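Enquirer: Can you keep this structure in mind? I'll have questions shortly.
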Amino acid sequence: MEHVDVVVIGGGQSGLATAHALNRHGLTPVVLEASDQAAGSWPRYYDSLTLFSPARYSSLPGMPFDGGDPDRYPHRDEVAFYLTSYAARLDADIRTGTRVADVTAAGSGFVVALDGGGKLAARAVVAASGTFGRPYRPALPGLDFFTGTVLHAADYRSPAEFARQRIVVVGAGNTAVQIAAELGAVANVTLATRHPVKFARQRLLGRDLHFWLKRTGMDSAPLGRLLRTPPTQPVIDDGRCRSALTAGRPDRRAMFTDLDGSEVTWPDGGRELVDTIVLATGYRPDLPYLDGLGALDGAGRPRHRDGASLTHPGLAFVGLEWQRALSSNSLRGVGRDATRAARRLAAELHRR
């Protein structure tokens, strides 16, 4: 069995930032990435996606996001290229096409079992596999028996195949509103939400919102430990999505009350045929390899404080939503959490 210092599970932004931080603390990480490139979930997002934060605020530690206007909002493919370039510059053993099946405790360390066979003995483990692999599908009335098409936003790519359809997009966050507005240009679309959509202006007083978040300290304030559940964040908008909603493309309605075959029933009793339902309902931590370790609660959420496992001193989490702050699971903020995790693990391994 191969023996290593630290196994980092996930080769996206969280795993790469963690590998960088571990190197700075004198540890040698092995990064295990299930896909064929160290770019996390970015290559699989929908085609039109761009960052909400400008390039100047969207870098991982040690490598600026170059390549043009620092105030631009980089496209999905730019981010994927940035991450693979960052990985190529890292002094780390990054193994793509390597999926972790299981992590078990072994003495003061861990055994990491791989799909298809093979094991690594690690003194410490960092779970940085994100959430994209575990889309959340809410228990909506009649959804399991809907005879039209149901897909999660994780499987949506572009509006081309949905032209002239009747579509309901479920959700009130950034992804839901953006997909609904994009589809609204080619189809008859309703955005179904439990509460009215809240917007935040992308630019205030001539500056991007993230300038003000950084200036006020709100972006990095350690509020995560105070939250039992992550708050619903407003839709960051340059005005186009709000205008689309105002124009009724899409229209916004309260959540439907039932699905019967391909019919949707609305709260006012109205019924109509629908072709497709898009669930833009978020994700949950994708940590199936920790199921048998006792490090998760009954809902599959990590038991942690600021990313440090409450059950295993040599286990850390990086890239969780609101792990410590508003920016914890973003390019601009994950480096802070990665640095904290690496420092704690270095101290723990030194103590041993």
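The values are calculated or read from the model by the stated rules, or taken from the named source; none is laboratory data. Note that the structure is a prediction, hence the values are computed from the model and not measured. Counting neighbours? That spans all protein chains shown, and the Cβs are built from the backbone with ideal geometry, glycine included. Note: accessible area is taken over every heavy atom of the protein model, side chains too, but ligands, DNA and RNA are not part of it. Shrake-Rupley method; radii C 1.70, N 1.55, O 1.52, S 1.80 Å.
Enquirer: Restricting to the stretch 66-109, count the residues that are assigned to a loop (DSSP other than H, G, I, E, B), free of Cβ contacts under 8 Å to residues at least 40 places away in the same chain and of a type in the set (Lys, Arg). Write out each step before concluding.
Expert: Filtering the stretch 66-109 for residues assigned to a loop (DSSP other than H, G, I, E, B) gives 66-74, 90-92, 96-99, 107-108.
Narrowing further to those that are free of Cβ contacts under 8 Å to residues at least 40 places away in the same chain: 66-70, 72-74, 107.
After this cut, where a residue has to be of a type in the set (Lys, Arg) as well, the list is 72.
Counting residues in the stretch 66-109 that are assigned to a loop (DSSP other than H, G, I, E, B), free of Cβ contacts under 8 Å to residues at least 40 places away in the same chain and of a type in the set (Lys, Arg) gives 1.
Enquirer: Within the stretch 42-53, how many residues turn out to be assigned to a loop (DSSP other than H, G, I, E, B) and at pLDDT 95 or above? Outline the logic, then answer.
Expert: Filtering the stretch 42-53 for residues assigned to a loop (DSSP other than H, G, I, E, B) gives 45-49, 51-53.
Now drop any that are not at pLDDT 95 or above, which leaves 45-49.
Adding up the residues that qualify gives 5.
Enquirer: Give GLY26, GLY12, GLY40 a once-over and let me know the one that is under 25 Å from LEU213 (Cα atoms) and either surrounded by fewer than 22 Cβ atoms within 10 Å (Cβ to Cβ) or touching a Phe, Trp or Tyr at 6+ places or on another chain (Cβ under 9 Å) (or both).
Expert: Values: GLY26 fails: under 25 Å from LEU213 (Cα atoms); GLY40 fails: under 25 Å from LEU213 (Cα atoms).
Testing whether each residue is under 25 Å from LEU213 (Cα atoms) and either surrounded by fewer than 22 Cβ atoms within 10 Å (Cβ to Cβ) or touching a Phe, Trp or Tyr at 6+ places or on another chain (Cβ under 9 Å) (or both) leaves just GLY12.
Enquirer: Select from the stretch 153-172 the residues that are out of contact with any Asp or Glu (no Cβ under 8 Å at 6 or more places or on another chain) and surrounded by fewer than 19 Cβ atoms within 10 Å (Cβ to Cβ) and list them in ascending order.
Expert: Passing the criteria: ASP155, ALA160, GLU161, ALA163, ARG164.
Enquirer: Against the definition (assigned to a strand (DSSP E or B), more than 30 Å from PRO250 (Cα to Cα) and open to solvent by less than 10 Å² (accessible area, probe 1.4 Å)), how does ALA338 come out, yes or no? Even if it seems obvious, please write down each step before you answer.
Expert: Details: assigned to a strand (DSSP E or B): no; more than 30 Å from PRO250 (Cα to Cα): yes; open to solvent by less than 10 Å² (accessible area, probe 1.4 Å): yes.
In short, no.
Enquirer: Looking at this structure, is VAL197 crowded, with 19+ Cβ neighbours inside 10 Å, assigned to a strand (DSSP E or B) and touching a residue at least 40 places away in the same chain (Cβ under 8 Å)? Step through it out loud before you land on a result.
Expert: Working: crowded, with 19+ Cβ neighbours inside 10 Å: yes; assigned to a strand (DSSP E or B): no; touching a residue at least 40 places away in the same chain (Cβ under 8 Å): yes.
The answer is no for VAL197.
Enquirer: Within the stretch 212-230, track down each residue that is open to solvent by less than 60 Å² (accessible area, probe 1.4 Å) and without any contact (Cβ under 8 Å) to a residue 24 or more places away in the chain.
Expert: GLY217
Enquirer: Restricting to the stretch 43-59, give me the number of residues that are touching a residue at least 40 places away in the same chain (Cβ under 8 Å) and either polar (S, T, N, Q) or surrounded by 24 or more Cβ atoms within 10 Å (Cβ to Cβ) (or both).
Expert: Count: 4.
Enquirer: Right, another one. Among strands (runs of 3 or more DSSP E) lying entirely in the stretch 245-319, which contain 2 or more residues that are open to solvent by less than 30 Å² (accessible area, probe 1.4 Å) and farther than 30 Å from PHE146 by Cβ?
Expert: Details: elements: 251-254, 258-260, 263-265, 271-273, 276-279, 315-317.
Those strands (runs of 3 or more DSSP E) span 315-317.
Enquirer: When you look at TYR136, is it farther than 20 Å from HIS20 by Cβ, open to solvent by 30 Å² or more (accessible area, probe 1.4 Å) and within 20 Å of the chain's Cα centre (by Cα), yes or no? Walk me through how you get there before you give the answer.
Expert: Values: farther than 20 Å from HIS20 by Cβ: yes; open to solvent by 30 Å² or more (accessible area, probe 1.4 Å): yes; within 20 Å of the chain's Cα centre (by Cα): yes.
So TYR136 passes the test.
Enquirer: Which one is most open to solvent (accessible area, probe 1.4 Å), of the residues in the stretch 96-113 that are over 25 Å from ARG352 (Cβ atoms) and in contact with a Leu (Cβ under 9 Å, 6 or more places away or on another chain)? Steps first, please.
Expert: Pass one, the stretch 96-113, residues over 25 Å from ARG352 (Cβ atoms): 96-99, 101.
Subset that is in contact with a Leu (Cβ under 9 Å, 6 or more places away or on another chain): 96, 98-99, 101.
Working: THR96: 64, THR98: 26, ARG99: 130, ALA101: 46 Å².
Filtering the stretch 96-113 for residues that are over 25 Å from ARG352 (Cβ atoms) and in contact with a Leu (Cβ under 9 Å, 6 or more places away or on another chain), the one most open to solvent (accessible area, probe 1.4 Å) comes out as ARG99.
Enquirer: So which of GLY142, GLY148 is over 22 Å from ALA17 (Cα atoms) and surrounded by fewer than 17 Cβ atoms within 10 Å (Cβ to Cβ)? Don't jump to the end; show me each part of the working.
Expert: Numbers: GLY148 fails: surrounded by fewer than 17 Cβ atoms within 10 Å (Cβ to Cβ).
Sole residue among the options that is over 22 Å from ALA17 (Cα atoms) and surrounded by fewer than 17 Cβ atoms within 10 Å (Cβ to Cβ): GLY142.
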